[in-house]
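Have a look at the structure below, then the notes.
Readers should treat all values here as calculations from the given coordinates under stated rules, not as data from a laboratory. Quantities reported herein were computed from a predicted structural model and do not represent experimental measurements. A quick note on method: Cβ atoms are made from the backbone with ideal geometry, for glycine too, and the neighbour counts reach across all protein chains shown.
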Protein chains: 2
Amino acid sequence: MGVDLDKIFKPQSIAMIGASNKPAKWGSFLLINLLAGGYPREKVYPVNPKEKEIHQLRAYPSLSSLPARPELAIITTPAKTVPGILEQCAQQGIKHIVVISSNFSEVGEEGARLEKELVDIGRRHGLAVVGPNTMGVVNARHRMYAVGAPVQLRPGGISFVSQSGNVGANMLGWAMNQGIGFAKFVGSGNEALLRAADFMEYFGKDEETRLILAYLEGVKDGRSFMETVSRISLNKPVIALKAGRTEEGGRAAMSHTGSLAGSDHIYDAAFRQSGVIRAETSQDMLDLAKSFERLPLPRGDRLGIITLGGGWGVLATDATSQAGLKLAELDHNILDTCDRLLPPFWSHGNPIDLVGTIYMETHIAILEAMAKSPNIDAIVALGSLGTGTIIGLNMLVSQSLIMDMSEDAMKSFFMELKERNLRLLNRAKELMKTYQKPIVFVEMQFIGEEGLRDLEAGETVIFTAPEKAAAILAKMLQYRRYLERKGAAAP
Amino acid sequence: MGVDLDKIFKPQSIAMIGASNKPAKWGSFLLINLLAGGYPREKVYPVNPKEKEIHQLRAYPSLSSLPARPELAIITTPAKTVPGILEQCAQQGIKHIVVISSNFSEVGEEGARLEKELVDIGRRHGLAVVGPNTMGVVNARHRMYAVGAPVQLRPGGISFVSQSGNVGANMLGWAMNQGIGFAKFVGSGNEALLRAADFMEYFGKDEETRLILAYLEGVKDGRSFMETVSRISLNKPVIALKAGRTEEGGRAAMSHTGSLAGSDHIYDAAFRQSGVIRAETSQDMLDLAKSFERLPLPRGDRLGIITLGGGWGVLATDATSQAGLKLAELDHNILDTCDRLLPPFWSHGNPIDLVGTIYMETHIAILEAMAKSPNIDAIVALGSLGTGTIIGLNMLVSQSLIMDMSEDAMKSFFMELKERNLRLLNRAKELMKTYQKPIVFVEMQFIGEEGLRDLEAGETVIFTAPEKAAAILAKMLQYRRYLERKGAAAP
């Protein structure tokens, strides 16, 4: 497109055309999300000829009556009004427009005709138009939530373009629950003018974006798309969830967005050639995103595993092997450390079975020895976090059998458990920085989603499924090797 | 073994040999878990010659000084004392024993010698011995938590034998967090005498057990094991997570429990032949367990999908196809219902895209039409639950912009959202009963783990990953077809 998209993602002021007080209307909840998210109230201009005030903001009857020219227009009015409004925007010098309104090409011929009109007007006036039929736009670092989902995200380095509004909205909701940090989001909707690749191009250059996610159902110009992402992926990881993998899924995609999904094998090969990391499922995409954002890339395929108990070690070994990684050989320093700290019957091999030891200093010392080892490229720690929980809960129950614990005593008890875990996580962060190798934790006690998010604090990676870590690390290695083949530096 | 295991799982009284007041000891926290779980205090006899009172219970110096003969003895004393204690148990007529103590065959030759002694004593006196080196035993329906993990489970129909204590304990913890109902659990430990198959045999006959889970690293007598599970699986689903799938995992299993994992292909074929459902991961096993427990088995492979938005429909279609299932054709009644309730541009095909409609009655009416349809064997509803959440949260935010909401108003608002969801779930329960076909929900808003557990109430199945439902339904169909081939009735 060659159009600057800054004003879509960082507008200094916004006109909301179709803003409304009626609860179930997009013109209402989009405005509410925008205000609730923290966008400056004085920079929002609701446009609606029938209202004097909308959600406590002064409403204006028309674009021409606004006190200043807005940098971005967001449209939620019925489809048939949109071409006329685009013309008005062009007249007023507003070049950046998000068309939330639906009932365009996705609903049949009449809609397709309207969409064609929209394309013509956009091209004639050089407008940058998102949509139509889009979930909206988010800039988490600038508190702009012009989006249909009531989310507020941890600001971070992940930017996301979604060819489905509901997939995009739900994934933002999960990311919020999981404390995953975002820079920007856009639903590309029907892609009448701006397409997924345009947003990815923008994210590729955007300084606030460190990695790019894409939910794709089909791309309209495959060659140019791949050329674009090949260029981007040399600087930033690009993670794609491609729907329509099967013939049936392809047909469903066709009926959903009218996009031709194309053979999955072709996509698979194209993704591999252009360095795109492919996510298996929606949750897999979020797990990859947080791992790529928070961890250094592994330099090789040799995994070191410590485990609180043998069974998880076996399952993690299976996962390592299935992911195409290897178990590292333990060097003398690790062997000496374990001999010194563990009972004599310790596993003497990788995975290192800590046979239930709850001494956090033992976990930390062995983690350090592994981080230092030139034999090890990445580390997975199963059960080291939360080692205090079982015994702690037992002590708590024990005490409550004998006496009622005060609320303060309870609080300080849980604080202590948390500090124990943070000691480990902070050391891991230092080790990752010093040795530039990823350390992934698998928590296998009962901390719960909120507790985990709190411990991660957007900086470390904690999974609950022991089988997951190896698969994620393998994809990170795949990306590093792609960069090496291309002679590019790891980000 | 031919030994009745009732007294292991439903003992009227328990001696805790090695009971202790010292917090970090198994003899302490096992006793605490037992008492905290609700086992009658007056039926627990701590045995420890050094203490007068343990956790407020009178302690006895020896087995022979107990006021009555306990039905079960649980031993946590050091390994070398265990053979002597087994002899004493036999003398006192105690035939059922759980040996928690470790440092037997898992730690080397000396331990293996001790374990051999234990086997000899057990055989000589006809003792039923669990362990050694076991995490313990649970009977959730009788509030017996003689186990190292601080869990308390929803009583249900799932019984679980685990060849790894830590895998078993963690899975119980997750099951607790996820509200999955259990009947019994046992860690089989080193399996000196009682083996996984013995427990499965017992669960097979147990009236409180409706389905059986097994975490396996290796079985010692493959032929007899398979013969046993073949028999059981004709009456109850048997779901197995088999570790040591890869060569490396097999070696790790060898070093963990000394069991020969065997070729994974052999296990795979044996499982298929004996009707065992194989879980892919630990979380997969829990998802299968709750689905088999709560849902009728599908009669065929034709899936009906309704989705709040198109994107998830595409992903669910991919998953359907990848799981070997088909998209059902919509019959006239469904088509008429959709024509009546949805906008004219609705998808006119399966998946049925509800294009974001938030009217719960529309969701329910279409669900009813699908349940009635002879073309459909199973239903997946994506996003029907929680349709009120987005708009509800928006209304909430809207109101809070205008006025502070009282705590009561907030409460009644959330109650209303919950009741909306329950209306749908209760109707689904009735439909499942009437038409005997499974209905699986995928919640894609932001209810959170606790909210979901609360909605499921141990009776319906709600996943958060849209890709999961089809894979689970395919395994349920696989089991039904196994039963049909064998001429057995579906449970």
Relative contact order of the stretch A:6-292 (C-alpha contacts under 8 Å, at least 6 apart) in percent is 13 percent
Computed log₁₀ I(q)/I(0) - Debye formula, equal Cα scatterers, no solvent, the stretch A:296-485, q 0.08, 0.10, 0.11, 0.13 Å⁻¹
-0.27, -0.41, -0.49, -0.67
Could you rank the peptides B:212-221, A:327-336 by their average count of other C-beta atoms within 10 Å per residue, with the highest value first?
B:212-221, A:327-336
Contour minus Cα-Cα span, residue A:280 to residue A:52, at 0.36 nm per residue, comes to 77.2 nm
Roughly what would the spin-label model give for residue B:152 and residue B:429, points 7 Å off Cα along C-beta, in nm?
2.3 nm
For residue B:230, put the label point 7 Å out on the Cα→Cβ axis and report which residues of the stretch B:200-214 keep their amide N under 19 Å from it.
B:200-202, B:204-205
What is the average number of partner chain Cβ atoms found within 10 Å of a Cβ in A:162-172?
6
Between residue B:336 and residue B:81, what length in nm is gained on full extension when 0.36 nm per residue of separation is reduced by their alpha carbon distance?
84.3 nm
Taking the axis of the rotation relating chain B to chain A, the B residue whose Cβ comes closest, together with that distance in whole Å, is B:449, 3
By average Cβ neighbour count within 10 Å, what is the ranking of A:306-313, B:276-283, A:373-380, A:120-127 from highest down?
A:306-313, A:373-380, B:276-283, A:120-127
Give the aspartates and glutamates reachable from residue A:10 as a straight Cα distance under 18 Å; neighbours fewer than 8 places away on the same chain don't count.
A:42, A:71, A:198, A:201, A:206, A:207, A:208
Can you pull the semi-axes for the protein assembly as shown, root of five times each eigenvalue of the Cα gyration tensor, sorted largest first, whole Å?
54, 30, 27
Honestly the stretch A:151-240 on the Cα gyration tensor test (a ≥ b ≥ c root eigenvalues; a/c under 1.5 rounded, otherwise a/b vs b/c for prolate or oblate) is just oblate
Relative contact order of the stretch A:296-485, defined on C-alpha pairs under 8 angstrom at six or more residues apart (%)
32 percent
FRET efficiency estimate (nearest 0.05) - Cβ-Cβ, residue A:457 to residue A:481, R0 35 angstrom
0.70
Under the definition of partner shielding as Cβ atoms of other protein chains within 10 Å of a residue Cβ, what is the mean value for peptide B:213-222?
1
Two-decimal Rg to Rh for the stretch A:31-126 - Kirkwood Rh, Cα set
0.99
Antiparallel bridge percentage (DSSP; both residues within the stretch A:6-292; nearest 5):
20 percent
Label-to-label distance, nm, for residues given as residue A:69 and residue A:124 (7 Å Cα→Cβ offset):
1.9 nm
Please report the net charge: other residues with Cβ closer than 14 Å to the Cβ of residue B:165, K and R +1, D and E -1.
-4
What is chain B's relative contact order, in percent, from Cα pairs under 8 angstrom and six or more apart in sequence?
11 percent
Taking each residue in B:32-39, count the Cβ atoms of any other chain within 10 Å of its Cβ, then average. What number comes out?
3
Which value results when the Cα radius of gyration for the stretch B:445-491 is divided by 2.2 N^0.38 Å?
1.55
Packing-wise, with mean Cβ within 10 Å as the measure, how do A:99-106, A:45-52, A:473-480 rank, highest first?
A:99-106, A:473-480, A:45-52
Take chain B, compute every pairwise Cα distance, and split them into 10 Å bins from 0; I just need the percent in each bin.
4, 18, 25, 21, 16, 11, 5, 1, 0
Along Cα-to-Cβ, 7 Å out, sits the label point; list in nm, shortest first, how far the one on residue A:68 is from those in the other copies.
8.4
